[in-house]
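Below: the structure, in structure tokens.
Only the coordinates and a few stated rules stand behind these numbers; no lab work does. Predicted model, so just to flag it, every value in this text is computed and none were measured. Cβ coordinates were reconstructed from backbone atoms using ideal geometry, including for glycine residues, and neighbour counts include every protein chain displayed.
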């Protein structure tokens, strides 16, 4: 949900005097004088902070100011990261296991989180310790670029752990 903030502009500023800031100035001036100065320069008097006494105003182009505020808002949004899940079984072959590790490494280098899931099928559930070993081996092989987020999450039929990039 985007919240649009409304700014008081020009004659909509109700305060008798304002603090005029910007371009090396910081002075207390009457609203009428500030409006006259804004008209003379071909700019708008914009109230940027109304919760102070007197309110803080700037002499700027209002449309340009709104555009810059919109740009700041969009820049502040965090880009979504792609998530990848690698499913392995306790009986996975060493070659296949290395392929999964290499693919996870490529994904982690792109700063994306990786989820490793060991799936137990049938009677493999009796060998939870082998699945735990596989997760430990997987995380150790990627320890140079990623670290586990929390402890392995045990579920009835599978066990999972997330890997994330270490902060630089």
- Any idea how far apart residue 61 and residue 87 come out in nm if each label point goes 7 Å out from Cα toward Cβ? 5.7
- Task: With a bin width of 5 angstrom, please list the P(r) values of the range 9-102 as percents of all Cα-Cα pairs, from the 0 bin to the one holding the largest distance.
- Result: 3, 11, 17, 14, 9, 6, 4, 3, 4, 3, 3, 5, 6, 6, 4, 2, 0
- Message: Place a point 7 Å from Cα of residue 72 in the direction of its Cβ. Which residues in the range 41-63 have their backbone N less than 12 Å from it?
- Response: 48-49
- Message: Can you give me the angle between helix 94-109 and the longest principal axis of the chain, using Cα atoms only, in degrees from 0 to 90, rounded to the nearest 10?
- Response: 10
- Return the FRET efficiency for the residue pair residue 123, residue 143: r is the Cβ-Cβ distance, R0 is 22 Å, and the value is rounded to the nearest 0.05. 0.10
- Relative frequency of Cα-Cα separations exceeding 23 Å in the range 84-165, percent: 15
- Å³ per residue of the Cα convex hull, for the chain? 177
- Which value in nm describes the separation of the simple spin-label points at residue 29 and residue 11, placed 7 Å from the Cα toward the beta carbon? 2.0
